[in-house]
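Notes follow the structure.
The values are calculated or read from the model by the stated rules, or taken from the named source; none is laboratory data. What you see is a predicted model, and the numbers here were worked out from it, not measured in a lab. Cβ placement follows ideal geometry from the backbone for every residue including glycine, while neighbour counts extend to all protein chains displayed.
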């Protein structure tokens, strides 16, 4: 789950929902990719507004944000298994990393895996593009990670 995306869903239930005819494929795509997640539950994709609701005592807002933290932590744990537990650090970044509450809820569940580093900001796509350009222009070489064993 993200502020706008639904996250993982039970496949059979999703197919039943589609077969019901209540929504077209494009309607369902929109609901899952831009009208799902927090916005579907709380009517906003702004986590600072969700935190304000929590501060005011909104239990539903707290439950939804906790659910997102749970899902993020679960996926981080799943990814640590493919690294055979050999994780040097876990980096939380992006706009959501500005939420100290969300970061704390995630960190509580994952800090046993590796140290958690937090770099809030919303420029990750720009940074990724700049890194790709440096590699393509040959001003930086591709980094090879050899810790993973070949299957």
Members of the stretch 71-85 that are at pLDDT below 95 and within 14 Å of residue 111 (Cα to Cα): 85
Any residue at all in the stretch 122-129 that is closer than 21 Å to residue 75 by Cα, at pLDDT below 90 and surrounded by 13 or more Cβ atoms within 10 Å (Cβ to Cβ)? yes
Say we look at the stretch 1-17 and pick out the residues that are surrounded by 12 or more Cβ atoms within 10 Å (Cβ to Cβ) and in a helix (DSSP H, G or I); which of these is nearest to the chain's Cα centre (by Cα)? 14
Going through the stretch 119-146 one residue at a time, which ones are closer than 16 Å to residue 92 by Cβ, in a loop (DSSP other than H, G, I, E, B) and out of contact with any strand residue (DSSP E or B) (no Cβ under 8 Å at 6 or more places or on another chain)? 123
Grab the helices (runs of 4 or more DSSP H) fully contained in the stretch 18-95, keeping just those with 3 or more residues being surrounded by 12 or more Cβ atoms within 10 Å (Cβ to Cβ) and either at positive phi or assigned by TED's automatic domain parsing to the domain that holds residue 118 (or both). 47-55, 59-82
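To keep it simple, each residue is scored yes or no on (1) touching a strand residue (DSSP E or B) at 6+ places or on another chain (Cβ under 6 Å); (2) farther than 23 Å from residue 2 by Cα.
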{"position": "74", "(1), (2)": "no, no"}
{"position": "77", "(1), (2)": "no, no"}
{"position": "81", "(1), (2)": "no, no"}
{"position": "85", "(1), (2)": "no, yes"}
{"position": "91", "(1), (2)": "yes, no"}
{"position": "111", "(1), (2)": "no, no"}
